[in-house]
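Q: Would you mind keeping the following structure in view while I ask a few things?
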Amino acid sequence: MLRLLLVRHGETDWNATGRYQGQNDIPLNAIGERQAKAVAERLAAERLDAVYASDLLRAWETAQAIADPHGLEVRADVRLREMNYGDWQGLTYREIVEQAPEALAAWNADRLHNTPPGGESLLELAYRTQSVMDEIRATHPEGTVALASHGGTVRMILCVLLERSPASYWQFEMDNTAVSEIEFQDRGPVIIRWNDTQHLRDGHRQSVF
């Protein structure tokens, strides 16, 4: 049986200011580095067979912290990047409302098919997350795999594995360095834990983009 441990990256300065990061390569801030260390310590007792990550720095740094105690190399995959928000990357939601109200209204009306200007749709995000999940499951039919990625990507992975509409991905709360565990049982994928932040002793939680 395959166990999949999904981990969102640690905090960045853009998280702290509510800016859409998308595929901009923003590193962890000091809090994020502490969070990555905390989740790595949390998972140190696990027997990990592989660690995968988005190639963006914030996810890669989180994955590297997790992989180091196990002597594993992080396997980077561009398909695990955050959703591409195009021209909105670097903006807050308030700034998007002020600068691009018509484009925002169009996107909100049909996020499955419409895109932020220069970005991608939820269906495009779903297709690439589905493809990387299929490959991971084929490569690792058994064992435990950790995967460090982004809030939007982890939410979409949950949607595709549970066969939910990609449009419902906002319903999954996902805090920085939260751990979600999926077991691929005979009856299908089963959520064992979701958005688990027990390792964050100071209670630092933040809903971010």
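What follows is calculated from the coordinates using simple rules that are stated; it is not laboratory data. Remember, predicted model here, so these are calculated numbers, not experimental data. Don't worry about glycine lacking a Cβ; one is built from the backbone with ideal geometry, like all the others, and counts go over all protein chains shown.
Q: As a test of the formula, what do you get for the chain when each DSSP H run with n ≥ 4 contributes -39,500 (n - 2.57) and the sum is divided by the residue count, at 222 nm and rounded to the nearest 500 deg cm²/dmol?
A: -10500 deg cm²/dmol
Q: On to the next question. Using just the C-alpha positions of segment 2-196 as equal point scatterers, what log10 of I(q)/I(0) does the Debye formula give at each q in 0.14, 0.17 1/Å?
A: Scattering profile of segment 2-196, log10 relative to I(0): -0.76, -1.10.
Q: Compute from the Cα atoms of segment 37-114 the Rg and the Dmax, the latter being the longest Cα-Cα distance, and quote both in angstrom.
A: Calculated on Cα positions, Rg and Dmax stand at 17.8, 50 Å.
Q: Pick out, in residue order, every one of the GluC sites (Glu not before Pro) in segment 1-76 that is DSSP loop and has at most 12 other C-beta atoms within 10 Å; say none if there are none.
A: When the GluC sites (Glu not before Pro) of segment 1-76 are filtered for loop state and at most 12 Cβ neighbours within 10 Å, 73 remain.
Q: Turning to a different aspect of this structure: For a footprinting-style exposure proxy, rank 177, 197 by other Cβ within 10 Å, fewest first.
A: Arranged by neighbour count, lowest to highest, 177, 197 become 197, 177.
Q: Sticking with this structure for a sec: Would you look at the GNM of the chain, springs on alpha carbons closer than 10 Å, and say which of 63, 16, 40 moves the most?
A: Comparing 63, 16, 40 in the GNM, the peak value goes to 16.
Q: What is the sum of charges around residue 75, taking Lys and Arg as +1, Asp and Glu as -1, for the other residues whose C-beta is under 12 Å from the C-beta of residue 75? Write out the running numbers ahead of the final one.
A: Details: positive: 79; negative: 49, 55, 73, 77, 135.
Net of charged neighbours comes to -4.
Q: Let me ask another. Can you sort 144, 153, 92 from fewest to most other Cβ atoms within 10 Å of each residue's own Cβ?
A: Ascending Cβ contact count within 10 Å gives the list 92, 144, 153.
Q: Which ordering of 131, 54, 149 is given by a fewest-first count of other beta-carbon atoms within 10 Å?
A: Numbers: 131 13, 54 25, 149 30.
Going from least to most buried by this count: 131, 54, 149.
Q: Against the 2.2 N^0.38 Å scaling, with N counting residues, where does segment 1-90 land? I'd like the Cα-based Rg ratio to two decimal places.
A: On the way: Rg = 13.4 Å, N = 90, 2.2 N^0.38 = 12.2 Å.
Taking N as the residue count of segment 1-90, the ratio is 1.10.
Q: Let me ask something else about it. For segment 112-183 and segment 28-66, what is the centre-to-centre distance using only Cα atoms, to the nearest Å?
A: With segment 112-183 and segment 28-66 each reduced to a Cα centre, they are spaced 18 Å.
Q: Still on this structure, I have one more. Can you tell me, using C-alpha contacts under 8 Å and at least 6 residues apart, the relative contact order of the chain as a whole percent?
A: 31 percent
Q: Let me ask another. Specify whether the C-alpha gyration tensor of segment 82-209 places it in the rounded, prolate or oblate class, a ≥ b ≥ c being the square roots of the eigenvalues: rounded for a/c under 1.5, otherwise prolate if a/b is larger than b/c and oblate if not.
A: Oblate shape, in that a/c is at least 1.5 and b/c is the bigger or equal ratio.
Q: Restricting to bridges with both residues inside segment 2-196, how much of the DSSP beta-bridge set is antiparallel, in percent to the nearest 5?
A: 45 percent
Q: Calculate the dipole size of segment 2-196 relative to its Cα centre from +1 charges on Lys and Arg beta carbons and -1 charges on Asp and Glu beta carbons; express the result in debye to the nearest 20.
A: Here the size comes out at about 260 debye.
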